[in-house]
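These notes are about the structure you will find just below.
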Amino acid sequence: MERKILPADELNAYEDFSSRTLAKIPTAIERLICIASTRDYNSGVYHHDGLASRFSASATAKALQFAHIEAFHAVSAMPLRELSDEIRQYMNWSREEPAAFLNAWQKLEPYRVAIPMEVDPTIAELFVSNVKIALAILRLHLLRQTDRRSDALQLPSLGPRSLPPLRS
Amino acid sequence: MIYLSLTAAVLLLLALVAMIARSFQTDSDLNFAGPSEEASSPDDRNNAVNDALNLEIFLKAFGDDDQRFVETLGDSRVQKLLAYERKRIALRWIGRKTAEARSIMQGHVRRARDAKDLSVSAEIRLALQYVELLALFELLSLSVFIFGPAGLRKWALLTNAILSDMKRFGQSAVPGAVVP
C-alpha cells in the first residue's frame, strides 16, 4: 500500500506511531504482534491512548490499521530463513522455555490473532503456512540441540569390562 | 478396442485428479472479506495497488529461496511440509481466481441484460477470454496437483494479466447498461 493514499491526519498519526513506537521494536514479527495487540478482539477497532491524545480517535484507528497491514505484508513476504530467525528471537525475548513456547504456538496457533481483517485471504493463508513451517524448523533445531546435549552428557565409553578372574 | 479403453481410463483418471485438486480449493476460514466485497470496493486505484502487492508477495513464496534453505536443513519431514503447504496455497489461489473470473462474468451478464447497445464483437471477445481463463485454471490446477507449484510463477502472471484485462473490459463493454 502507498502511504500517499492516507489522508493527512491519518498519515501524521501513522508517522508518529512509526517513529515513537515501531522504530524501537527490533523485529518485524514483534512489530506485528505489538500492533495487533492494539486491536479490540470484539469490535476489531484499534485503540491507542497515547496517539488518541494527539490525534483524533478515528485517525488513530485508521493509522494503526494501516500500520498493521503494512507490518503483516512485511512478515508475509519474508523468506523462511528470516522468519524462523525472527520467531527464534521473539521466543528468546519472551523468556519462555523454547519447548513450552513451541508447544503453545503449534497447538494454540496464537499468531492467527495477528492477521488484519482487511487482507487478501491467500496472503493470510500464506502467513499461517509460513509460520507453521518456521515453527517446524525451530522444533527441528531444538531437537537437534537436545540430542547434541544428551550425547555430550553421556559418560565416555570404557569398552567392555573384563570380568575378574574366577577363583578356583 | 484396447486403445479406446486406455483413453477412457486416462480421461477418468484426469477427471478424478481434477476433482481431488478442486477439493483443495475450498475456501478457508481466513476469508474475512469474501470475494463479493472485494470486487465491489469503491477505491479501484487502491485495489489495483493491493492486487499487485498481493501477487508479488504470493509469487515470492514460490521462488527458490525457501526450497534451498529447507534442503540445507536435511530433514525430510520439513521438506515434505513445505511441499505440501506450497501446493495447498497454490491450489487455493487458483480456486479464488477462478471464483473471481466467474463473479466478473456474472456481473457482466447482469449488466449486459439491461444494456441497450451491445457490441457483438466485444461480447465474443469477453466470452473467449473467459473460456480461455477457465481452461488455463483447470490445466494449472492439474499441473500443480500432479507436479507441484514449480512452474506456477509464469502461469500465474499470465492468468492474472488475462483476469485484469477481463475485469477492465467486462466493465467497459456494456456502455448502455444501467449500472446500479
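Does the range A:82-95 include one or more residues that are under 26 Å from residue B:51 (Cα atoms), in contact (Cβ under 8 Å) with a residue 24 or more places away in the chain and part of a helix (DSSP H, G or I)? Yes, the range A:82-95 contains a residue that is under 26 Å from residue B:51 (Cα atoms), in contact (Cβ under 8 Å) with a residue 24 or more places away in the chain and part of a helix (DSSP H, G or I). Only one entry in A:8, A:36 is modelled with pLDDT of 95 or more and more than 26 Å from residue B:69 (Cβ to Cβ), namely A:36. Taking the condition within 12 Å of chain B (Cβ to nearest Cβ), more than 21 Å from residue A:14 (Cβ to Cβ), under 16 Å from the mean Cα position of the chain (by Cα) and buried (at least 17 other Cβ atoms within 10 Å of the Cβ), does residue A:69 pass? No, not satisfied. Considering B:134, B:128, B:152, the condition of being assigned to a helix (DSSP H, G or I), exposed (fewer than 14 other Cβ atoms within 10 Å of the Cβ) and either within 16 Å of the chain's Cα centre (by Cα) or modelled with pLDDT of 90 or more (or both) is satisfied by B:128 alone. A single entry from A:124, A:57 fulfils the requirement of being surrounded by fewer than 17 Cβ atoms within 10 Å (Cβ to Cβ) and either in contact with a Leu (Cβ under 7 Å, 6 or more places away or on another chain) or not assigned by TED's automatic domain parsing to the domain that holds residue A:136 (or both): A:57. Beta carbons closer than 8 Å, at least 6 apart along the sequence or on distinct chains, pair a first residue in the range B:45-59 that is loosely packed, with under 12 Cβ neighbours inside 10 Å with a second that is at pLDDT below 85 and assigned to a helix (DSSP H, G or I) for B:45/A:5. Scanning the range B:43-66 for residues that are under 12 Å from residue A:79 (Cα atoms) and within 9 Å of chain A (Cβ to nearest Cβ) yields B:57, B:58, B:60, B:61, B:63, B:65, B:66. With the structure loaded, tell me whether residue B:91 is touching a Ser or Thr at 6+ places or on another chain (Cβ under 7 Å), surrounded by 14 or more Cβ atoms within 10 Å (Cβ to Cβ), more than 15 Å from residue B:163 (Cα to Cα) and more than 10 Å from chain A (Cβ to nearest Cβ) or whether it fails that test. In short, yes. Residues in the range B:73-86 that are buried (at least 19 other Cβ atoms within 10 Å of the Cβ) and either in contact (Cβ under 8 Å) with a residue 24 or more places away in the chain or more than 9 Å from chain A (Cβ to nearest Cβ) (or both): B:86 alone.
Looking only at the range A:86-122, residues that are facing chain B (nearest Cβ under 9 Å) and modelled with pLDDT of 95 or more come to 3 in all.
Among the residues making up the range B:76-87, those that are out of contact with any Ser or Thr (no Cβ under 7 Å at 6 or more places or on another chain) and farther than 15 Å from residue B:155 by Cβ are B:76, B:77, B:78, B:79, B:80, B:81, B:82, B:83, B:84.
All but one of (1) touching a helix residue (DSSP H, G or I) at 6+ places or on another chain (Cβ under 9 Å); (2) part of a loop (DSSP other than H, G, I, E, B); (3) among the hydroxyl-bearing types (Ser, Thr, Tyr) hold for residue A:60, so report the exception by its number. Only one criterion is unmet by residue A:60, namely (2). Of the set (1) surrounded by fewer than 17 Cβ atoms within 10 Å (Cβ to Cβ); (2) over 19 Å from the mean Cα position of the chain (by Cα); (3) of a type outside the set (S, T, N, Q); (4) not in a loop (DSSP other than H, G, I, E, B), all apply to residue A:74 but (2).
The values are calculated or read from the model by the stated rules, or taken from the named source; none is laboratory data. This one's a predicted model, so the numbers in the text were calculated from it and none came from an experiment. Cβ: placed from backbone, ideal geometry, glycine included. Neighbour counts: every protein chain shown.
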